[in-house]
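Heads up, the thing below is written out as structure tokens.
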Amino acid sequence: MLVSAFASCDETSEIGSSIVDDQVDVVIDSVFVITGSSQENNIQYARTSNQLLGTIQADGYGDLSSDFITQLMPANRLLTDGITVENVDSIKLRMFMTEGAFVGDSVAPLGLEVYRLTKQLPDDISKLGNPSDYCTPQSLLASKTYTASVVGLSDSIADIYVSQGVRVVDVKLPRELGQEFYNKYTSPGGSELFNDPEAFAKWFPGLYVKNSYGSGRIMTFYATRMYMYYSKPDKVDDKDTVYHYVSSFLAVTPEVVNYNNISQQLSADVTTLASKSPVVVAPSPMGFDANVTIPVRDIVSKYKEQAGLYNVINSMTFRVSAESIENEYGITPPPYLLLIRKDKRDEFFKDAELTDNKTSFYAAYSSISKSYTFTSMRQYVIDMIEKDGTEGLTDADGEFLLMPVSLVTETVNSQTTVVAIVPYTETPVMAKLNFDDSKIKVTYSKQTIKN
């Protein structure tokens, strides 16, 4: 366990006086001891926002491998007007990655296999077991060698993806599978099936995309979709013509079960560091979160000693210093950390909650200050002051976790809103947290009435 103490930074300033010569002082307290340690994180949540695929072995980090198993959300309508099952030309699985959303060698050849699931995935992903138990060797749909570049794509398609900052892995699936989807949709009750994701998953449980060979790269796909291609012969001005159509009809979405099957073995350097200092390492499971104890009793006691009768809490901030850990692939600190009461973590993710600035907060990493600063903690300290005056504070009120997370955002009319916060399961990240150089700052105003 680490302990840090800060030199006194109490400040006061006269900001005005009333006609009765009252005095208002702004007080800043930052003399607080912060303690923390590393804690293994072995929890995996079912509905992740991305798909992680590949294998790396990196000095200073360790070994990481991930493939994924997922249900698919059906479109409520397939293209059928003027088209028959014989017009189904091909079907493709397409996985999308933003440029640079990988760790490792972009051109190292890796192999993947795509399996059709033969039984339903459990809603409780902790009961999943081995993903291979949900398919058979006979349910293999396709295999492919792939990279993180545009090598192998036609120039016209490659140019489009490059201009958009996107990389794509295309996997051609059997034509017969596309015809099966078409026939099912056009059969009695088929369109209703495609409009009911739960019923659809019972008929088509999903896919398992599995590593088959190679090492040297982990890729993060932000979307995985299935496309149907049609070719329809026709005549125009007595000339033979072929019309080509394409439609996206299946996709991995946040509403379906999407499980990254992660296997991780951290290096001895990382685990030794974690035994001595607080670190955060993701993705989980088998990563690290950091325990942190906020000295809430000291904060409340110091406030009550100095505040007087007339006072207002202005703010509470918590700056966490973070250092990069040297490694072969330049793995960086997490882009965001969640600060959450330890006893609230599981329900936070189970119920898909957002931060309430009372028991949960998030902060972005600043590469300039090399820190995370939680700035919206005013209500937390107000609640703790009130609780101390009624039922009394407990140890749990100050016991928090720092853990890597991803933010899911939505932009409407140029305004971006956070709509979900999920455990970080993207490219590998890690950092050492330095509580000796971290700081809690509580600011409040107090008024002294002069007789």
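The values are calculated or read from the model by the stated rules, or taken from the named source; none is laboratory data. Values in this document were obtained by computation on a predicted structure and should not be read as measured data. Note that we place each Cβ from the backbone using ideal geometry, even for glycine, and neighbour counts take in every protein chain shown. Ligands, DNA and RNA are excluded from the accessible area calculation, which covers all protein heavy atoms including side chains. Shrake-Rupley method; radii C 1.70, N 1.55, O 1.52, S 1.80 Å.
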Could you run through the stretch 130-153 and say how many residues are part of a loop (DSSP other than H, G, I, E, B) and either open to solvent by less than 60 Å² (accessible area, probe 1.4 Å) or among the aliphatic types (A, V, I, L, M) (or both)? 8
So which residues in the stretch 176-204 are surrounded by 15 or more Cβ atoms within 10 Å (Cβ to Cβ) and in contact with a helix residue (DSSP H, G or I) (Cβ under 7 Å, 6 or more places away or on another chain), if there are any at all? 179, 182, 184, 185, 190, 191, 193, 194, 200
Quick test for you: out of 303, 259, pick the one residue that is within 16 Å of the chain's Cα centre (by Cα) and touching a residue at least 12 places away in the same chain (Cβ under 8 Å). 259
Every residue in the stretch 154-177 that is in a helix (DSSP H, G or I) and at pLDDT below 95, please. 155, 156, 157, 158, 159, 160, 161, 162, 163
Name the residue, out of 243, 230, 222, 213, that is out of contact with any Leu (no Cβ under 8 Å at 6 or more places or on another chain) and touching a residue at least 24 places away in the same chain (Cβ under 8 Å). 222
Just to check your reading of the model, which residue among 351, 388 is over 19 Å from residue 316 (Cβ atoms) and either modelled with pLDDT under 95 or polar (S, T, N, Q) (or both)? 351
Do we have any residue at all in the stretch 83-101 that's open to solvent by less than 30 Å² (accessible area, probe 1.4 Å), of a type in the set (Gly, Ala, Ser) and in contact with a Leu (Cβ under 7 Å, 6 or more places away or on another chain)? no
So, in the stretch 335-364, exactly how many residues are under 13 Å from residue 430 (Cα atoms) and touching a Ser or Thr at 6+ places or on another chain (Cβ under 9 Å)? 2
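Quick one: is residue 239 of a type in the set (Lys, Arg), surrounded by fewer than 14 Cβ atoms within 10 Å (Cβ to Cβ), closer than 26 Å to residue 73 by Cβ and out of contact with any Pro (no Cβ under 7 Å at 6 or more places or on another chain)? Before the answer, list the steps.
Details: of a type in the set (Lys, Arg): yes; surrounded by fewer than 14 Cβ atoms within 10 Å (Cβ to Cβ): yes; closer than 26 Å to residue 73 by Cβ: no; out of contact with any Pro (no Cβ under 7 Å at 6 or more places or on another chain): yes.
No, not satisfied.
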Do we have residue 120 as farther than 18 Å from residue 97 by Cβ, free of Cβ contacts under 8 Å to residues at least 24 places away in the same chain and either in contact with a Cys (Cβ under 9 Å, 6 or more places away or on another chain) or open to solvent by 40 Å² or more (accessible area, probe 1.4 Å) (or both) here? no
Considering the stretch 358-404, residues that are in a loop (DSSP other than H, G, I, E, B) and surrounded by 15 or more Cβ atoms within 10 Å (Cβ to Cβ), and then whichever is farthest from the chain's Cα centre (by Cα), we arrive at 393
The stretch 413-442 residues that are closer than 20 Å to residue 280 by Cα, paired with ones that are surrounded by fewer than 22 Cβ atoms within 10 Å (Cβ to Cβ) and basic (Lys, Arg) (beta carbon under 7 Å, 6 or more apart): 438/319; 439/319
Looking only at the stretch 260-297, and only at residues there that are part of a strand (DSSP E or B) and hydroxyl-bearing (Ser, Thr, Tyr), the one that is farthest from residue 332 (Cα to Cα): 293
Is it the case that some residue within the stretch 58-73 is at pLDDT below 90 and surrounded by fewer than 16 Cβ atoms within 10 Å (Cβ to Cβ)? no
Looking at (1) open to solvent by 30 Å² or more (accessible area, probe 1.4 Å); (2) of a type outside the set (A, V, I, L, M); (3) free of Cβ contacts under 8 Å to residues at least 60 places away in the same chain, which is the only condition residue 113 fails? (3)
Test residue 54 against the stated conditions and say whether it is on the phi > 0 side of the Ramachandran plot, modelled with pLDDT of 85 or more and part of a loop (DSSP other than H, G, I, E, B). no
Among residues of the stretch 97-110 being assigned to a loop (DSSP other than H, G, I, E, B) and touching a residue at least 24 places away in the same chain (Cβ under 8 Å), the residue farthest from residue 213 (Cα to Cα) is 99
Select from the stretch 262-311 the residues that are of a type in the set (Phe, Trp, Tyr) and farther than 28 Å from residue 61 by Cβ and write down the one among them that is modelled with the highest pLDDT. 303
Residues in the stretch 257-308 that are among the aliphatic types (A, V, I, L, M), open to solvent by 30 Å² or more (accessible area, probe 1.4 Å) and either in contact with a Lys or Arg (Cβ under 6 Å, 6 or more places away or on another chain) or more than 23 Å from residue 438 (Cα to Cα) (or both): how many? 2
